[in-house]
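Structure, as structure tokens:
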Amino acid sequence: MDMKGYSVSLTTYHTNNPFFAPSKHTTTTKQQQPTTTTHSLLLHLLLLLLLVPSVHSNNNHIATNNNNTFTPFLRLKRIREHLSKINKPPLKTIQSPDGDLIDCVLSHQQPAFDHPTLKGQKPLDPPERPKGYGQNNESFFFHQLWTHSGTQSCPQGTIPIRRTTEQDILRSSSIRRFGRKPRPVRRDSTASGHEHAVVFVNGEEYYGAKASINVWAPAVTDQYEFSLSQIWVIGGSFDNNLNTIEAGWQVSPELYGDNYPRFFTYWTTDAYQTTGCYNLLCSGFVQTNNRIAIGAAINPRSDYNGRQFDIGVMVWKDPKHGHWWLEFGGGLLVGYWPAMLFSHLRSHANMVQFGGEIVNSRSRGYHTGTQMGSGHFAEEGFRKAAYFRNLQVVDWDNNLLPLSNIHLLADHSNCYDIREGTNHVWGTYFYYGGPGRNVRCP
């Protein structure tokens, strides 16, 4: 494996790419909100909804009258009610170059504390990190686009939250499903539309996982598909009692309205049915960091046959309180999933999984062209195929350990595949991904 062009930490700002081009930013206080074109957008939206009948007819949709006539005003009313629950009043708002609004919300007012069990609580102090932490770990100052190369941040005592808009929810199939993964999701995805190329370990008790994940911007060819690369910490079985904690990066036009790679989290306790959500779109995950916005765009990304960038992600169970903590980048604690959210994961995980996932909707009658990873197969190797490196798990005594008894799964290997290896620099690593539709993947 060619290590001369070894990947680097996320420190370089690509000014020659429009995606990373600098732009003016604004900040506002709670008393002075940013000027937007919301009223104009809503007028156009109302006209559109009045003229166009509902495309969907399933039970997820929100309002029809006795004659099955779509009622856009009721839909907008319920969207605004939902927005009022998840968008908390900010002390400060930052305009990101990619169009996002990042609200700085008081920590004790974040969505997590709407949960009945968490109401009235405050974020916990940082936990003890696993033993062996720091090995194969690069320290760096990480930039997301909204920070304007590190010149912007939220004040101490607040957390940055990407503001959800009416347009975000309108892209979803329903308010009820907004911010959730499509169902069903199974590791054997032959019938679910979800396809994977992953490494996994099972058969023991796991208390966390860690890896560095190569960042790309894969093409997603359908609004209702996504492409992601992540770590899964899994408890239970692949049926209705599945518990998962997930973190990594994703491209999701439906969720974010663009094709930028974004840092994300997810959790569920019932196999993605009614519990859990992405990011901070429901009560659950407790954020403690004022510098990382979950759901915000990652800067920079890797180039084919060029410079490579990766992000460090670690999830582990605090031995003292039992909560599952998340670290991002070079030592930045993001927050935690309270143990009480889960059933199986309240004690430990029985599987850890690393790799890529896409949704194949077959909306055109054939396999999607949505890419996984870099959009190239694993055999192309460094600078061309996407990778995970330095894969580790956490044991019962809070030790970071290399993987053993590794399994590989590529459930549609003609569309997306995977190759694993080990060396003294990258530890356990693998290349994965692919272009989707091609001659061997019709």
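The values are calculated or read from the model by the stated rules, or taken from the named source; none is laboratory data. Since we're looking at a predicted model, the values are computed, not measured. All Cβ positions, even for glycine, are placed from backbone atoms using ideal geometry, and neighbour counts span all protein chains on display. The area values use the complete protein model at the heavy-atom level, side chains included, leaving out ligands, DNA and RNA. Shrake-Rupley method; radii C 1.70, N 1.55, O 1.52, S 1.80 Å.
Considering the range 323-352, the residues that are in a loop (DSSP other than H, G, I, E, B) and modelled with pLDDT of 95 or more include one that is farthest from Q250 (Cα to Cα), namely S347. Answer yes or no: is there a residue in the range 366-373 that is under 28 Å from T269 (Cα atoms), part of a loop (DSSP other than H, G, I, E, B) and open to solvent by 50 Å² or more (accessible area, probe 1.4 Å). No. Looking across the range 304-322 at every residue that is more than 22 Å from M372 (Cα to Cα), out of contact with any helix residue (DSSP H, G or I) (no Cβ under 9 Å at 6 or more places or on another chain) and outside any strand (DSSP E or B), the one that is most open to solvent (accessible area, probe 1.4 Å) is identified as K320.
Put simply, of G365, G355 the only residue that is touching a Ser or Thr at 6+ places or on another chain (Cβ under 9 Å) and not aromatic (F, W, Y) is G355. In summary, E380 fulfils each of the numbered conditions (1) out of contact with any Lys or Arg (no Cβ under 8 Å at 6 or more places or on another chain); (2) among the acidic types (D, E); (3) open to solvent by 50 Å² or more (accessible area, probe 1.4 Å); (4) under 23 Å from G203 (Cβ atoms) with the single exception of condition (4).
Residues that are open to solvent by less than 30 Å² (accessible area, probe 1.4 Å) and either more than 26 Å from the chain's Cα centre (by Cα) or of a type in the set (A, V, I, L, M, F, W, C) (or both) within the range 397-409 comprise L400, L403, listed in sequence order.
Yes/no matrix, rows are residues, columns are (1) surrounded by 19 or more Cβ atoms within 10 Å (Cβ to Cβ); (2) in contact with a helix residue (DSSP H, G or I) (Cβ under 9 Å, 6 or more places away or on another chain); (3) more than 18 Å from G295 (Cβ to Cβ):
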{"position": "K77", "(1), (2), (3)": "no, no, yes"}
{"position": "E81", "(1), (2), (3)": "no, no, yes"}
{"position": "I86", "(1), (2), (3)": "yes, yes, no"}
{"position": "P90", "(1), (2), (3)": "yes, no, no"}
{"position": "I94", "(1), (2), (3)": "yes, yes, no"}
{"position": "D100", "(1), (2), (3)": "yes, yes, no"}
{"position": "L106", "(1), (2), (3)": "no, no, yes"}
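Flag: V315 matches the condition of being within 23 Å of N390 (Cα to Cα) and modelled with pLDDT of 95 or more.
One residue alone among N414, N423 is surrounded by fewer than 23 Cβ atoms within 10 Å (Cβ to Cβ), under 21 Å from E225 (Cβ atoms) and in contact (Cβ under 8 Å) with a residue 24 or more places away in the chain, and that residue is N414. Cβ separations smaller than 6 Å between residues 6+ apart or across chains give the following pairs from the range 333-349 residues that are in contact (Cβ under 8 Å) with a residue 60 or more places away in the chain to residues that are open to solvent by 20 Å² or more (accessible area, probe 1.4 Å) and assigned to a strand (DSSP E or B): H348/E205. Counting only residues that are over 18 Å from the mean Cα position of the chain (by Cα) and charged (D, E, K, R), the range 223-245 holds 1 of them.
A single member of L281, L255 is buried (at least 23 other Cβ atoms within 10 Å of the Cβ) and part of a loop (DSSP other than H, G, I, E, B), and it is L281.
Per-residue answers, yes or no, for (1) without any contact (Cβ under 8 Å) to a residue 40 or more places away in the chain; (2) in contact with a Pro (Cβ under 6 Å, 6 or more places away or on another chain); (3) hydroxyl-bearing (S, T, Y):
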position	(1), (2), (3)
H194	no, no, no
S229	no, no, yes
I234	no, no, no
D239	yes, no, no
S252	yes, no, yes
T265	no, no, yes
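Assessment of the range 388-396 against the conditions (in a loop (DSSP other than H, G, I, E, B), open to solvent by 50 Å² or more (accessible area, probe 1.4 Å) and free of Cβ contacts under 8 Å to residues at least 40 places away in the same chain) yields no matching residue. Being charged (D, E, K, R), touching a strand residue (DSSP E or B) at 6+ places or on another chain (Cβ under 7 Å) and modelled with pLDDT of 90 or more is a description that does not apply to R171. Just checking, does the range 403-411 include any residue being under 19 Å from H196 (Cα atoms) and in contact with a Cys (Cβ under 7 Å, 6 or more places away or on another chain)? No, that holds for no residue.
Kindly check whether there is at least one residue in the range 335-350 that is buried (at least 24 other Cβ atoms within 10 Å of the Cβ) and under 24 Å from L145 (Cβ atoms). So far as the range 335-350 goes, yes, one or more of its residues are buried (at least 24 other Cβ atoms within 10 Å of the Cβ) and under 24 Å from L145 (Cβ atoms).
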